[in-house]
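The values are calculated or read from the model by the stated rules, or taken from the named source; none is laboratory data. It should be emphasised that the depicted structure is a prediction, and the values quoted were computed from it without experimental measurement. Reconstructed Cβ throughout: ideal geometry from the backbone, glycine too, with neighbour counts over all protein chains shown. Surface accessibility is based on the protein's heavy atoms, side chains included, excluding ligands, DNA and RNA. Shrake-Rupley method; radii C 1.70, N 1.55, O 1.52, S 1.80 Å.
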Amino acid sequence: MSKIIYGLRIQVRGIVQGVGFRPFIYNLALEYNLKGWVKNNSTGVEIEVNGDQASLNSFARNIETKAPPLAKINHIHIEPVSPNGYTTFEILTSTSNEGEFVPVSPDISVCEDCLKEFNDPLDRRYHYPFLNCTNCGPRFTIIKDIPYDRPLTSMAGFKMCQDCAAEYNDPVNRRFHAQPIACPDCGPRIWIEGAKSRSTHTTNTSTGYIISTVQKEFRLGSIIAIKGLGGFHLACDATNPQAVQTLRLRKKRDEKPFALMMPDLDTVIEHCYITDTDKNLLGSPEKPIVILRKRPGSNIVAEVAPGQETLGVMLPYTPLHYLLFTDFPEFNGMTSCRILVMTSGNISDEPITYENQEAKERLADIADVFLMHDRPIHIKCDDSVARTVRINTSKTSPTDNTVVLTRRARGYTPVPLDLPWVSRQILAVGAELKNTVCLTRNEFAFTSQFIGDLQNYETYESFLKTIDQFEKLYRINPELLACDLHPDYLSTRYAIERAESTGRPVIQVQHHHAHIASVMAENGIRPDTPVIGLAFDGTGYGDDGNIWGGEILIARYQGYLRSFHLDYFPLPGGDYAIKNPSRTALALLWKEGIDWLPDLPCTKVYCAEDLMQIKSQLVHQINTPLTSSMGRLFDAIASLIGVRQKVNYEAQAAIELEAICDPIEKATYEFEFTNETINLALMVKNIVEDYLIGAPVSRIAAKFHNTIIRVLSHVVDKLAGEYGIKTVALSGGVFQNIKLLEGLLSEFQDRDYNVLFHQKFPTNDGGVSLGQAAVAHHQSVGSLE
Ligand code: ZN
Ligand code: ZN
Ligand code: FE
């Protein structure tokens, strides 16, 4: 009996290109004996199938449920069409429709299947540094334009050999239409440069020879520049103090911690305490750097992360990384180093280097040896940084863990966020530090990878380039610009100039409003929903021209009311005080009418003359901007009790203050709050007293944290009562402080608040661009009505 044949046209949107989606559809169609075709187009994947009703139904249902692991489907549109008499099922050439766009997959760490081949001496890709398949490998960093097809990637210059072409064209092969497909015969290759005096067989191009030479250099304490997926790393043996010290000096990086790479979980467990969530995170396809607590017995040198009890650790994520930990005794008679520093290839705060020639110039004075390859990196992308947070409340049992991202880049970018509204086309240019940009279109927000601190000229250039790349990739022509309120941010100036030159409107969004809008958008909060927003960070330009940073807002996307803030205190010397917490501490004491007693650590660092000068500066208000910053309060307390008087990188004092907290201490200090301000005088006075009677600083630090948590709970309860709002939103760099975040989460969740905090986007200024875009959309829509 012959069944009636029907037809369906199906459009799938989301991350469906470069993730093995067409082969999946091909095989699914074969399974149900359907005829027709599948192709990539500029909005996703398009399918037409003919078959009987039951098969068509099963086929359509399975598209979503059986999709390949890396696919992220946003939308499936199905419409009936007349059957076309197809006799086969085919994969057709991609078509590009002007102005359409499709989300791009992030770069994904090498998969298990590929690793098996990598480790199989009989496989033709044995130890090949660039093997990949439809489920893994480079994506975002090699793409030049959409649709994602080989000619539009940086693989365009490599002509497939016959074997690779056969795999590429074989629908049942796991490399069917894997765009970066490659093998030792036809794909990218590695080589070394530098260290000429030591290498004798410079003509030897075998992988074993090259890698064993690099390993020998590691053993000798050399610094190696290694070209990776999204840029260069600078690497050295993390157990060699001399090597780590040399890297610090040459990189001009005083104390900011270096990331590490270890070959496997067992090695990580040997050196760090890890939970099951950490384990999953370390081994996830995204392979971020995970912040872990260091074990006391570890032989990793202290200079890797001075003053910190944590280490940033990642596992290998490309075949080349696996090679670094593979032994080649036949060449060098030694085993590989087990723990490598793997820090981004740059000097100080410059952006990561990603081109070969550029690397040889910029890293010439840092690296002894260069491990190069010839697959171009089209879009640079740093490693992401993540950590797990414990949510421990009376309601969640057993302990729940969740992941937060402090730097969102490789593995995560450019996965778009689904917005709970249809957005205008907006370019939001972010803040000044830890800059990211965000572009919106339809229901998508595309937030860029971490760009860096814009004061640096090279970083500013990469800011411009990223904007250009995202606009081109997603066919976005911004009709509206969004930026910070701070007139001197380079991002603000860019947005205002661009708005002027193109005749487009620009909306300036207050920094802390943007923070709160960002965490709202990330959590899918709908327009017109008010929240109690806790925005705590180091610095943000306030509506009144003061430096804000300890703000409690009743906020919606459209606007906000500043209902509470930390009581203002002066910052003698502005930026100079930020680098010298002792000045902030003295200013706080002065403001609260507390004497500068000679026994206090913040007083001890100055001679009588300096103290006089600072006092006169405060009294006469010479360059003493006012701040309500929570970050600065943490600095001041760290200085007051002798933790740190000078900082070498952002938030260093606060990080060290958190690190010394006595976890057992539950007590708090007294505090007051008036109608609008949280008053710190009592707490500061008590801290000084505690310090002077010799209370352990670990207890003072803990009591200070507990106090902040208690104050905020009280304020939120008060506002919740007044406004009838039960949603609390936490955002701003201060929430990178895990003790504070965990403490507040459990306080609020125990009392049935709906708590919003950042998990997919950074809580620091890396999340600000998303919030700017959300606010700008709603304010502009409001003004149209
Ligand atoms: Zn693979
Ligand atoms: Zn090949
Ligand atoms: Fe901020």
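Only strands (runs of 3 or more DSSP E) whose full extent lies in the range 666-785 are considered here, and the ones with at least 3 residues that are of a type outside the set (S, T, Y) and surrounded by 18 or more Cβ atoms within 10 Å (Cβ to Cβ) are 727-731.
Filtering the range 149-173 to residues that are among the hydroxyl-bearing types (S, T, Y), touching a residue at least 24 places away in the same chain (Cβ under 8 Å) and not in a loop (DSSP other than H, G, I, E, B) leaves only T153. Mind checking which residues of the range 673-700 are over 19 Å from G642 (Cα atoms), β-branched (V, I, T) and in contact with a helix residue (DSSP H, G or I) (Cβ under 8 Å, 6 or more places away or on another chain)? Matches in the range 673-700: I678 only. Taking the range 139-151 as the range and being over 18 Å from R22 (Cα atoms) and touching a Pro at 6+ places or on another chain (Cβ under 8 Å) as the test, the residues that pass are F140, I142.
Residue pairs whose Cβ atoms lie under 8 Å apart, separated by 6 or more positions or on different chains, with the first residue in the range 653-681 and under 15 Å from S698 (Cβ atoms) and the second part of a strand (DSSP E or B) and open to solvent by less than 40 Å² (accessible area, probe 1.4 Å), are A659/T310. Whenever a residue of the range 174-203 is more than 30 Å from I366 (Cβ to Cβ) and in a loop (DSSP other than H, G, I, E, B), its partners that are open to solvent by 40 Å² or more (accessible area, probe 1.4 Å) and modelled with pLDDT of 90 or more, lying with C-beta atoms within less than 7 angstrom and at least six residues away or across chains, give the pairs R174/D113; I181/M160; C183/R124; C183/D163; C186/K159; C186/M160.
Just one of the numbered conditions (1) more than 30 Å from P138 (Cα to Cα); (2) within 15 Å of ligand 3 (Cβ to nearest atom); (3) crowded, with 22+ Cβ neighbours inside 10 Å is not true of A495: (2). Those helices (runs of 4 or more DSSP H) of the range 543-638 in which 3 or more residues are surrounded by 15 or more Cβ atoms within 10 Å (Cβ to Cβ) and more than 30 Å from the chain's Cα centre (by Cα) occupy 581-591, 601-604, 608-619. Identification of strands (runs of 3 or more DSSP E) wholly contained in the range 429-539 with 2 or more residues that are under 18 Å from P416 (Cα atoms) yields 438-447. Screening Q162 on (1) touching a strand residue (DSSP E or B) at 6+ places or on another chain (Cβ under 9 Å); (2) within 16 Å of ligand 2 (Cβ to nearest atom); (3) of a type in the set (S, T, N, Q) shows it passes everything except condition (1).
Listed here are the residues, each with its yes/no results for (1) surrounded by fewer than 24 Cβ atoms within 10 Å (Cβ to Cβ); (2) away from ligand 3 (no atom under 16 Å from the Cβ); (3) touching a residue at least 12 places away in the same chain (Cβ under 8 Å); (4) under 29 Å from E471 (Cα atoms).
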position	(1), (2), (3), (4)
T93	yes, yes, yes, yes
F101	yes, yes, yes, yes
C111	yes, yes, yes, no
K116	yes, yes, no, no
D123	yes, yes, no, no
L131	no, yes, yes, no
T134	no, yes, yes, yes
P138	no, yes, yes, yes
